[in-house]
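**Student:** Structure in structure tokens, see below.
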Amino acid sequence: MSQMMFFDDDITSDILARLPPKQLARARCVCKRWRSLTSDHHFLQMHFACNANNSISGFFLRGRVNHTEYFPLQGEAAAAASAFPDPAFSFIPSIPDVDGGHITIESSCNGLIICSRPNRDGHYKSLHFICNPITTEFIALDIPKGGDRYLSLAFDPSKSPYYKVIALGFKIHIYSSETRSWRQADIDSSSLDQFKGLRAYRSAFWNGLLIWIVRDHLLSFDIEREQVKRLPMPDHRPENWNCHYIGESGGFLQMTGYTKEQKLTACFDVLEMGVDCSGWSVLYRIDLSHIKELYPEIQMKVRVPRPGTRRSVNIVDHLALSHVYVVRGRGGAEKGGMLLFGIPGKIMCYDVAKKEFRIVCEVSIPSPSSCFSEYSWYMFYPYNHSLFTL
């Protein structure tokens, strides 16, 4: 490694940029020159581009009692029993008597994370931070009043060294790391009215847009133009078809959806939209029917409220299977990819090209016999290591 000291800065930077994030973090400690080279944003952009096609490093799974666990995607043995084996969040200020050492992930984007902890004023008033677990940098976020209901992080290091936090509540507030301040977005009340019926607090960040599932359609917020608008939905959808997942991978926007009948068969399409927003095409055709043979307990009958009543119930067929993340193959449909999905007690991976399943990790569930034991995509926060500074 000492011979690299004779290379000029451009050659050294090009070599270091090809290292995986964890190895690069170690390389930064070799000497002051390497640390200086690898701290420059242009270098970090080059490193991001070199590693852009890599899969996510792992994911955070947010439980229904505001407790979050981290699971690395390393082979088949990712069943971590304790919270945050990697990355750790011990650098975030904590008051154990108040927060119990627990931390909740609110949003993640290209290695940066928004997290929260309860404060002295009670469980429902939290302290919020934005941080990078690899560099252990963090900034406290003073969320505007009424704006802490839905927090989203927007960071595209290939375009800008700055990130933004969007707080969606009674109004929309935007925090910019460039100005280190909040301001209220310039949109009218009719635009905010479109968020009524929001189905999940988590958004997807893609192509400069934050995207939410609202009722039976997708609603986007253009961060630069500060405009709220609907995104087109797939043509010729079957009756009672609903979107159940929205996410970004490989620079494209992916979506899955199905009718009740399609879910019971465990056969559905993964749809994709390109940056031109011209429309949806089929990326993968998924057949998970074999999973029902491997785990017959995911087929069950559940009790759900009868429409318009509180006490009466319907007994309906239910398949306890939910999508949590789509990883696009480097060559799109031709090269395959993978689908991460949840069944009670497990997060599974389906290799699209090989048509094979494997267990990613075991997770605790409140009730194996309940449909509410499923983990949905909006409880799943993908994570990839990065060295971008705050």
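**Student:** Suppose the filter is closer than 21 Å to L339 by Cβ, surrounded by fewer than 18 Cβ atoms within 10 Å (Cβ to Cβ) and in contact with a Lys or Arg (Cβ under 9 Å, 6 or more places away or on another chain); does G274 pass it?
**Tutor:** No.
**Student:** Among the residues of the stretch 290-308, how many are at pLDDT 80 or above and either out of contact with any Cys (no Cβ under 8 Å at 6 or more places or on another chain) or surrounded by fewer than 11 Cβ atoms within 10 Å (Cβ to Cβ) (or both)?
**Tutor:** Looking only at that region, the number is 10.
**Student:** What are the pairs with Cβ atoms under 8 angstrom where one residue, in the stretch 194-221, is farther than 24 Å from D235 by Cβ and the other, located anywhere, is among the acidic types (D, E) and assigned to a strand (DSSP E or B)? Sequence gap at least six, or different chains.
**Tutor:** Final answer for the pair search is F205/E248; G208/D222.
**Student:** Could you tell me whether R311 is at pLDDT below 80, surrounded by 11 or more Cβ atoms within 10 Å (Cβ to Cβ) and in a loop (DSSP other than H, G, I, E, B)?
**Tutor:** For R311, the condition - at pLDDT below 80, surrounded by 11 or more Cβ atoms within 10 Å (Cβ to Cβ) and in a loop (DSSP other than H, G, I, E, B) - is not met.
**Student:** Please identify the pairs in which a residue from the stretch 332-345 that is in the same structural domain as V360 (by TED's automatic domain parsing) and more than 13 Å from E272 (Cβ to Cβ) has its Cβ atom under 7 Å from the Cβ atom of a residue that is at pLDDT below 85 and of a type in the set (F, W, Y), counting only partners at least 6 apart or on another chain.
**Tutor:** Qualifying pairs under 7 Å: G342/Y375.
**Student:** Here is a follow-up. Which of the residues belonging to the stretch 218-232 are over 18 Å from F155 (Cα atoms) and surrounded by fewer than 14 Cβ atoms within 10 Å (Cβ to Cβ)?
**Tutor:** K229, R230, P232
**Student:** Might you check whether a residue that is outside any loop (DSSP other than H, G, I, E, B) and surrounded by fewer than 21 Cβ atoms within 10 Å (Cβ to Cβ) occurs anywhere in the stretch 210-217?
**Tutor:** Yes: one or more hits.
**Student:** Is at least one residue of the stretch 137-147 touching a Cys at 6+ places or on another chain (Cβ under 7 Å) and either more than 25 Å from L44 (Cα to Cα) or surrounded by fewer than 18 Cβ atoms within 10 Å (Cβ to Cβ) (or both)?
**Tutor:** Within the stretch 137-147, one or more residues are touching a Cys at 6+ places or on another chain (Cβ under 7 Å) and either more than 25 Å from L44 (Cα to Cα) or surrounded by fewer than 18 Cβ atoms within 10 Å (Cβ to Cβ) (or both).
The values are calculated or read from the model by the stated rules, or taken from the named source; none is laboratory data. Fair warning: this is a prediction, and the values are worked out from it, not measured in the lab. Backbone-built Cβ (ideal geometry, glycine too); neighbour counts: all protein chains shown.
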